[in-house]
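The values are calculated or read from the model by the stated rules, or taken from the named source; none is laboratory data. Because the structure is a prediction, the values reported are computed rather than measured. Every residue, glycine as well, gets a Cβ built from its backbone with ideal geometry; the counts of neighbours run over all protein chains shown.
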C-alpha cells in the first residue's frame, strides 16, 4: 500500500479507509496532533496530471524566500502570470482560500448593514444603449443591429428605482470598464457594491449610511474572520487597518490645504492623482491616526454630469470620495434630479443626450432628492488586507491583457 500511495500524484482526490486511534505521543509537523489514522485502503477518485507548479511553492511568502536566500538556499517561487494562467491550481493555497472567504464576508456584511438600515436589494440591466458614466471607456457591441455597451455602473437604474418610490436600494453585480490601464488597482471587470437613497436635507445623510456600513464591515471582518486574516498575513504580511468609530470627514479644500502646507504643488480645482492621494493618506494618518476617511465637496468640473452642484458655491459639488490606506475605494454624490439641469450638464460634458433620454425622462414625473455611491468589492478586500495587487482579490481577473481562464 505504501508503494501505491507514494505513486499517487500530488493534488489527486482520494478516498481513505482507516481506523481512528490515539497515538502514543503527540504527532509533530501535522495540523492534527492528538489522533492518527491507521489506513487500511486508499482509492483514487481523481488522479491529478503533472502540476504546472507545486501549491506549496505558490503558498510561500516573500519573507521565507528572503530568509532562505540569506542562508544560502534557493526556494522556488511562482510568478503572477503563471499563477493566473493556472488560477484553478493557484486558488488552492491557504492564503487564496482565506482571501475569498473574506471577499464573501465583505458582500455579506455589506448586505447586512444596508438591509438593517432599510435598504432593499435590486438587480439592474448590464446591456445599455449608452455609456452610464459619460466617458469613452465602455465595451461596445452589436445589439440586434443596434449599438450597445456594457454597463460601467448601475448608476442610471439605481436612480430610476428612487424615481419609482423605492427609497433605499443597493446592488451587488458586475461592472465593466474598457480602460487600458495595466495597474495594480484596475480591472476591466469587477464586482460593484452600489447603493442609492432618497435624502431629506443633504448628501451627508449618504455619508452617515456609508460610515455605519464600513465601520460595521471592518469590525465584522476583524471579529468574525480573524483566522482568515491571520492566514492571509502569513503569506502577505500586513498591518491591521486603522479606522475610527466615527469616520473622519474632510472637505476637498481642507485636503488641498493639508497637501499645500506639506509642500505639494496642487491645483485647488483639479483632481488628485495617485501620488497626491497617497500623500494625503499619509498626512491624514499622521494627524488623525486613521487610514479610512471621507473627502467631500469635490470641484464640479471633475465630477460626472449627474452630480449636483453645491448651492453655496457652484464651483464645488455635493460629492465625495472615500479612501483606504491612501487609495480611493468609493466615489459618490447627490444626483441632479431636475431634468432640465441634467440635460444641460450632459450637453456641457459632450454626452449624446439621445442615448440617455429615457434616463432623463424618468425625472419628469416627480422624484425626491437622492444620492448614492459605488465601490469595487475587489479593491475593498485588497486594501483592507494590505495586498499589493487587485488580481489577488479577483477569482479570475480580467485586465487589458487577460481574457482567460
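Annotations for the structure displayed:
- Any hit, region 211-225, residues being in a loop (DSSP other than H, G, I, E, B) and in contact (Cβ under 8 Å) with a residue 40 or more places away in the chain: yes
- Strands (runs of 3 or more DSSP E) wholly inside region 116-195 that include at least 1 residues being buried (at least 18 other Cβ atoms within 10 Å of the Cβ) and assigned by TED's automatic domain parsing to the domain that holds residue 103: 146-150, 168-176
- Check on residue 207, part of a loop (DSSP other than H, G, I, E, B) and over 24 Å from residue 98 (Cα atoms): no
- Among the residues of region 323-336, none qualifies, meaning not one is over 23 Å from the mean Cα position of the chain (by Cα), assigned by TED's automatic domain parsing to the domain that holds residue 213 and surrounded by fewer than 19 Cβ atoms within 10 Å (Cβ to Cβ).
- Region 267-285, subset part of a helix (DSSP H, G or I) and in contact with a helix residue (DSSP H, G or I) (Cβ under 7 Å, 6 or more places away or on another chain), residue surrounded by the fewest Cβ atoms within 10 Å (Cβ to Cβ): 283
- The one condition in (1) assigned to a helix (DSSP H, G or I); (2) closer than 30 Å to residue 94 by Cα; (3) over 17 Å from the mean Cα position of the chain (by Cα) that residue 258 fails to fulfil: (2)
- Matching residues in region 1-37 - criterion: being in a strand (DSSP E or B) and more than 25 Å from residue 54 (Cα to Cα): 17, 18, 19, 20, 21, 36, 37
- Lone unmet requirement of (1) in contact with a helix residue (DSSP H, G or I) (Cβ under 8 Å, 6 or more places away or on another chain); (2) part of a helix (DSSP H, G or I); (3) without any contact (Cβ under 8 Å) to a residue 60 or more places away in the chain for residue 89: (3)
Residues checked against (1) in the same structural domain as residue 278 (by TED's automatic domain parsing); (2) in contact with a helix residue (DSSP H, G or I) (Cβ under 8 Å, 6 or more places away or on another chain):
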residue: 344; (1), (2): yes, no
residue: 350; (1), (2): yes, no
residue: 363; (1), (2): yes, yes
residue: 369; (1), (2): yes, no
residue: 379; (1), (2): yes, yes
residue: 383; (1), (2): yes, no
residue: 399; (1), (2): no, yes
residue: 402; (1), (2): no, yes
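- Hey, residue 66 surrounded by 14 or more Cβ atoms within 10 Å (Cβ to Cβ), not in a strand (DSSP E or B) and not assigned by TED's automatic domain parsing to the domain that holds residue 232 or not: no
- Residue 48 fulfils the conditions (1) surrounded by 14 or more Cβ atoms within 10 Å (Cβ to Cβ); (2) at pLDDT 95 or above except for a single criterion, (1).
- Criterion applied to 306, 288, 293 was being surrounded by fewer than 15 Cβ atoms within 10 Å (Cβ to Cβ) and in contact with a strand residue (DSSP E or B) (Cβ under 8 Å, 6 or more places away or on another chain), and the one residue passing it is 288.
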